[in-house]
Amino acid sequence: MLGILFVVSAFILPHSSFAQSTASAHVDVLSKSTDSWNGKRYTGYPKGQPELTVLKMTIPANTALPWHIHPFPNAGYVLQGQLTIEDKASGKKQTFQKGQAFAESVDDVHRGVSGPTPTVLIITYAGTPGVPTFVAQPGEKPEY
């Protein structure tokens, strides 16, 4: 009987130390906005089945992406390098550095321009199935 207790306690006791922790996670809010980076207010999400898309985009150094629009809200985070976003209509520009997040514009023609080193972004789109994440302007190549 003592042998059985030893075997059972040897099996159970080490595994009981794997109890889940009840500690909370630490959160840094990187971006929270009702407006895009250029000050235009978001008016709503597309109707229909939601589809979230998360992209890791790498832009070569000193590269201007094509002029384009986004049909729905999205947000980006600069993992590496820098990104200058340019609004075509107003000429407004804003540069985001490594570690900064930004809220993208909807239905405004704009483009991103990388700096002297490659730029790596994480971009999250809140769209619907079958609707592209970007729409290139006439005569422009696709963004990716």
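Which of THR34, THR58 comes first, and how do the rest follow, when ranked by fewest Cβ neighbours within 10 Å?
Numbers: THR34 9, THR58 13.
Lowest count first: THR34, THR58.
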| Pairs of Cα atoms farther than 28 Å apart, the chain, % | 34 percent
| Using θ = phi - 60° and the Karplus curve 6.51 cos²θ - 1.76 cosθ + 1.60, what whole-Hz ³J(HN,Hα) does each residue of segment 37-44 get, with Gly and Pro shown as x? | 4, 8, x, 7, 6, 6, 10, x
| note | Checked against a 24 Å limit on the C-alpha separation, the offending pairs among LYS47/LYS98; LYS32/LYS92; LYS47/LYS88 are LYS47/LYS98; LYS47/LYS88
| query | Among GLN49, GLN82, GLN100, which one moves the most in a GNM of the chain with springs linking Cα atoms closer than 10 Å? | reply | GLN49
| request: Using only Cα positions of segment 49-117, each an equal point scatterer, no hydration layer, compute I(q)/I(0) via Debye at q = 0.23 Å⁻¹ and quote the log10 values to two decimals. | output: -1.11
| field | Degrees separating the helix 2-16 axis from the principal Cα axis of the chain, which is the longest one | value | 20 degrees
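Explain nothing, just the number: dipole magnitude of the chain about its Cα centre with +1 on each Lys and Arg Cβ and -1 on each Asp and Glu Cβ, in debye rounded to the nearest 20.
120 debye
Values in this text are rule-based calculations from the coordinates and carry no lab data. No experiment lies behind these values; they were computed from the predicted model shown. A quick note on method: Cβ atoms are made from the backbone with ideal geometry, for glycine too, and the neighbour counts reach across all protein chains shown.
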